[in-house]
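Novice: Submitted below is the structure of interest, expressed as structure tokens.
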Amino acid sequence: MARAHRHHDGHPDLRAAVFSTVEVHDDGPGQFVIRSELVDLFDAIGQLPHDQMDVAVLHYLCAMPLEEIPDILGLSPAITHAVDHHARATLERLLRSHSPRE
């Protein structure tokens with residue numbers, strides 16, 4: 001995170017990390033759509049408050065089981081679950097606000 005580029009508002013710009021994911025390295029039709037969705041997801045994760053971003057990165061991007069995260073972040077299991085819940089709700093809201101209207 002310390003090496004991540006920053007948006008003008010100070011949030012880390014995680015979009016470049018998309019190109020290190022397994023999904024991007026798989027060839028096949030629709031790759032542009034997958035990349036676009038991943039870029040949006042990584043950008044939204046970078047906009048989360050720090051505690052939510054930490055949980056989201058460890059759990060969803062690093063595939064760490066939620067039960068292991070409290071020990072790493074120094075949080076109680078209950079707080080970790082609450083932060084995860086808030087992170088998911090915030091991500092859904094952020095992604096909905098960036099999706100094209102149908």
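Throughout, read-outs are computed from the coordinates displayed, never taken from laboratory work. Bear in mind the structure is a predicted one, so any value in this text is a computation, not a measurement.
Novice: In whole Hz and in residue order, list the ³J(HN,Hα) couplings for region 56-69 that follow from phi through the Karplus curve 6.51 cos²θ - 1.76 cosθ + 1.60, θ = phi - 60°; x for Gly and Pro.
Specialist: Along region 56-69, the couplings run 4, 5, 5, 7, 8, 8, 9, 6, 7, x, 4, 5, 8, 5 Hz.
Novice: Can you list the HN-Hα couplings for region 81-89, worked out from phi with the Karplus curve (6.51, -1.76, 1.60; θ = phi - 60°), rounded to whole Hz and with x for Gly and Pro?
Specialist: For region 81-89, the Karplus curve yields 5, 5, 5, 4, 4, 5, 5, 4, 5 Hz.
Novice: Amide H to amide H under 5 Å from MET64: which residues, 5+ apart in sequence or cross-chain, H placed 1.01 Å off N in plane?
Specialist: Amide H neighbours of MET64: HIS59.
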